[in-house]
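Encoded as structure tokens, the structure appears first; notes follow it.
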């Protein structure tokens, strides 16, 4: 189980770095900045789809929704921004 968690962490960390470099690109679309702000607000907001008081499920929604939203935004980037962000991170897709 810990191995799966560490692999998930590496994927999320790589996607977050890729998103950071895409946000700093001069041609970054406005929707990317708004979407990233929305993901950060969701992550920091006390309002969740499943409340934190529900054991385990309250945290699982954050673990699933935030990486899925980041990956969704990265997949919709223009190709040249995605390629440059991948090159900055050091991975090719």
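Throughout, read-outs are computed from the coordinates displayed, never taken from laboratory work. Just so it is clear, the structure is predicted and the values come from calculations on it, not from any experiment.
Key figures for this structure:
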| item | result |
| --- | --- |
| Cα shape, segment 2-89, gyration tensor, a/c 1.5 rule | oblate |
| Percentage relative contact order, segment 2-89, counting C-alpha pairs under 8 Å, at least six apart | 47 |
